[in-house]
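The values are calculated or read from the model by the stated rules, or taken from the named source; none is laboratory data. What you are looking at is a predicted structure, and each value in this text was computed from that prediction instead of being measured. Here the Cβ positions follow ideal geometry from the backbone for every residue, glycine too, while neighbour counts run over all protein chains shown.
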């Protein structure tokens, strides 16, 4: 009986470590592909008109979003990777508005912020109560963003940053809770879905950091 309990504990630790490794590896690959996409976008953008660039990227990302959301297994994984690469290309015009120094500063800030809030999310026990709060914050942010198009609202970007800081913390905490409580129901596809959520929140966080950065460096 004691041997069975010991074997079970070892199996749980091994599987938990494996899923965390997959989570980190999927996220890192997607972020690297986005970076490569942004670099290649510098060479693609001059070859097309602004309308062709945005229409082409938008159409491709729409198809890949659909495939990523409704596909399974290896198809889902590689559709997500291609999607991440495409996201890098689409943010090229945004990056071109800022100096290289500003972009690097925002990249470093994003890395530090995400790392810090992931650590906090892993340390805290249960942040599931944030789910409704985050939904409310996103609804408010959507309304403020629309209103900002007509009447300039200061500090909307900082409100958005706060919301997505919490999102990143909630994402990693939710993943931890599922690993701890539902390990027998966790599979590779669940890990990939979790990574897709935090990837999008990190990307949005980076964009908002850019919008709040000063380009006078």
* Can we say residue 205 is closer than 26 Å to residue 155 by Cβ and either in a helix (DSSP H, G or I) or within 11 Å of the chain's Cα centre (by Cα) (or both)? -> yes
* How many residues are more than 14 Å from residue 197 (Cβ to Cβ), under 18 Å from the mean Cα position of the chain (by Cα) and in contact (Cβ under 8 Å) with a residue 40 or more places away in the chain if we restrict to the stretch 119-141? -> 2
* Run down 79, 84, 109 and say which single residue is at pLDDT below 85, assigned to a helix (DSSP H, G or I), within 18 Å of the chain's Cα centre (by Cα) and within 24 Å of residue 26 (Cα to Cα). => 79
* Residue by residue through the stretch 145-202, note down the ones that are in contact (Cβ under 8 Å) with a residue 60 or more places away in the chain, assigned to a helix (DSSP H, G or I) and buried (at least 17 other Cβ atoms within 10 Å of the Cβ). => 175, 179, 191, 192, 194, 195, 196, 198, 199, 202
* Whichever residue in the stretch 55-75 is touching a helix residue (DSSP H, G or I) at 6+ places or on another chain (Cβ under 8 Å), assigned to a helix (DSSP H, G or I) and surrounded by fewer than 19 Cβ atoms within 10 Å (Cβ to Cβ) and, among such residues, is modelled with the highest pLDDT -> 75
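Residues of the stretch 125-144 being in a loop (DSSP other than H, G, I, E, B) and touching a helix residue (DSSP H, G or I) at 6+ places or on another chain (Cβ under 6 Å), which ones?
Selection gives 127 alone.
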* Any hit, the stretch 88-111, residues being surrounded by fewer than 19 Cβ atoms within 10 Å (Cβ to Cβ), closer than 20 Å to residue 198 by Cβ and free of Cβ contacts under 8 Å to residues at least 24 places away in the same chain -> yes
* Could you give every pair whose Cβ atoms fall below 8 Å, whose first residue belongs to the stretch 29-43 and is farther than 11 Å from residue 81 by Cβ, and whose second residue is not in a helix (DSSP H, G or I), counting only separations of at least 6 or pairs across chains? -> 38/91; 41/91; 42/96
